[in-house]
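Step one of this worksheet: look at the structure below.
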Amino acid sequence: MWGALGRVLRSSFFPELALVGGEPAAGDSRRTIRLPTNAALQHVQSCASQASVLGGPFSSRRRPALRATLATILATFACLVLLAASVRYIHPHWATAIIDSLMTYATATAAVVALLAYALARRPVFLGIAAAGIGLAVHSVVLLEAHATVPMPIEHAIEPDLRILSFNMLYTNVENATRIADRILSSKADIAVVLEGGPMFMQLTRLSSLYPYRIGCGAMTPTCDLIVFSRTPLRDPQVSNLSDIRLDRFMSATITRAGMPIRVVAAHLSKPYFDTYHTAELTTLRSVIGNDRGPMILAGDFNSATIAPDMLDMLRGLDLNTASPEPPTWPVALAKHGLGIAIDHIYSRLPLVPLSVERLEDPFGSNHYGLFGTYIIRRG
């Protein structure tokens, strides 16, 4: 058996030994070496052992170098993410819009990756990268909380003065239009904002039984991309464009709740990661709303998280606040697990205080979850 194994090894790895015990054929340049079979095997084992010790790809001498290389790759990735996340502090740019909306996730992930790099190669600089990631993640949470209105404990017991439903139903979602109309009717919302609402055209008669007042889809505009339904009269209705990309993506009207006039604004903004349209549309939004500083609700699909620089500028300029926390609404595969991004929003201005803003229990075939918010009017 050992003799056969020796011949196989010699013919595979040492062809010059293949003729051990025989004579070369005519024209064969290989020389005949007569070594005992056991000696040949020992020679093969010795060569393999030396190759492993002196530099095989998985040798013990190579492992520290491999770990250091992997750690450097991970740390470089973390640095690039943090660099992209830091652009907002120098000069916000649409090219980093996705990172801006993912600010908390991205910077926290970069911190974890840097810590993993430190575990592979104990370099203090990796801890510095991790600390920067943690700092940016914490700052993103602080920024959000600075624009949140939180009800006082005693206010939770107060019956809501206003209920708002906002839902981007997806313009191709015809098969679920009846279910969505049922959900709007059962919600008893005072205002329902439906975006990409073309499929709701056949449900308008049903909805008018509870919502006799409407803007959109034949009321003030033939388009159904944005529809505002109301249970009470809509005073001073207004329809406008935010840009030349889509028509009638801004609507505004005033309702009265608990004796107080409240301006309700609905908007649907373009995606922010193709060009500067998103920022320009927010500027137009502020301009169209004007200097009105009374109670206000702003609801719709903004295609961006509140943490994005242009969104924060809009909130500051209009003195609007968020609920805390804002539930993620997109993508639905992640949002149903509490992950994803909140790109659909219901903002408010004092004295309106959000008691709750919650995600609807079902996306109803849409690529967004809807929102349902309850508000009180803070008095005194």
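The values are calculated or read from the model by the stated rules, or taken from the named source; none is laboratory data. This is a predicted model, so every value here is computed, not measured. Glycine gets a Cβ as well: all are built from the backbone with ideal geometry, and neighbour counts include every protein chain shown. Note: areas computed on protein heavy atoms with side chains; ligands, DNA, RNA excluded. Shrake-Rupley method; radii C 1.70, N 1.55, O 1.52, S 1.80 Å.
For region 342-358, check the following and say yes or no: at least one residue is surrounded by fewer than 23 Cβ atoms within 10 Å (Cβ to Cβ) and farther than 17 Å from THR149 by Cβ. Within region 342-358 (the criterion being surrounded by fewer than 23 Cβ atoms within 10 Å (Cβ to Cβ) and farther than 17 Å from THR149 by Cβ), the answer is no, since none of the residues qualifies. Across region 77-126, the number of residues qualifying as touching a strand residue (DSSP E or B) at 6+ places or on another chain (Cβ under 9 Å) and under 21 Å from TYR277 (Cα atoms) comes to 2. Number of residues in region 287-335 that are open to solvent by 30 Å² or more (accessible area, probe 1.4 Å) and within 19 Å of LEU360 (Cα to Cα) equals 8.
Every test in (1) of a type in the set (Gly, Ala, Ser); (2) closer than 26 Å to HIS278 by Cα; (3) touching a residue at least 40 places away in the same chain (Cβ under 8 Å) is passed by SER230 save one, and that test is (2). Could you go through region 251-260 and let me know if any residue there is over 16 Å from ARG349 (Cα atoms), open to solvent by less than 10 Å² (accessible area, probe 1.4 Å) and in a helix (DSSP H, G or I). There is no residue in region 251-260 that is over 16 Å from ARG349 (Cα atoms), open to solvent by less than 10 Å² (accessible area, probe 1.4 Å) and in a helix (DSSP H, G or I). GLN238 meets the conditions (1) over 22 Å from TYR369 (Cα atoms); (2) of a type outside the set (D, E, K, R); (3) outside any strand (DSSP E or B); (4) touching a residue at least 40 places away in the same chain (Cβ under 8 Å) in every case but one. The failed one is (3).
Do we find that GLU159 is open to solvent by less than 70 Å² (accessible area, probe 1.4 Å) and within 21 Å of GLY373 (Cα to Cα) in this structure? No.
Pull up region 183-228, narrow it to residues that are farther than 22 Å from THR254 by Cβ and basic (Lys, Arg), then point me to the one that is least open to solvent (accessible area, probe 1.4 Å). Among them, the one singled out is ARG183. Among the residues of region 261-292, those identified as in contact with a strand residue (DSSP E or B) (Cβ under 8 Å, 6 or more places away or on another chain) and at pLDDT below 95 are VAL288, ILE289, ASP292. Going through (1) closer than 18 Å to ILE343 by Cα; (2) hydroxyl-bearing (Ser, Thr, Tyr); (3) not in a loop (DSSP other than H, G, I, E, B) one by one, SER270 falls short only on (3). GLY338 satisfies every condition listed in (1) modelled with pLDDT of 95 or more; (2) open to solvent by less than 50 Å² (accessible area, probe 1.4 Å); (3) in contact with a Pro (Cβ under 8 Å, 6 or more places away or on another chain); (4) not basic (Lys, Arg) except (1).
Answer with yes or no whether LEU165 is crowded, with 18+ Cβ neighbours inside 10 Å, among the aliphatic types (A, V, I, L, M) and touching a residue at least 40 places away in the same chain (Cβ under 8 Å). Break it down into steps so the answer makes sense when it comes.
Working: crowded, with 18+ Cβ neighbours inside 10 Å: yes; among the aliphatic types (A, V, I, L, M): yes; touching a residue at least 40 places away in the same chain (Cβ under 8 Å): yes.
Yes; evaluated as a whole, the condition is true for this residue.
Just one of the numbered conditions (1) at pLDDT below 95; (2) over 29 Å from LEU360 (Cβ atoms); (3) within 17 Å of the chain's Cα centre (by Cα) is not true of VAL81: (1).
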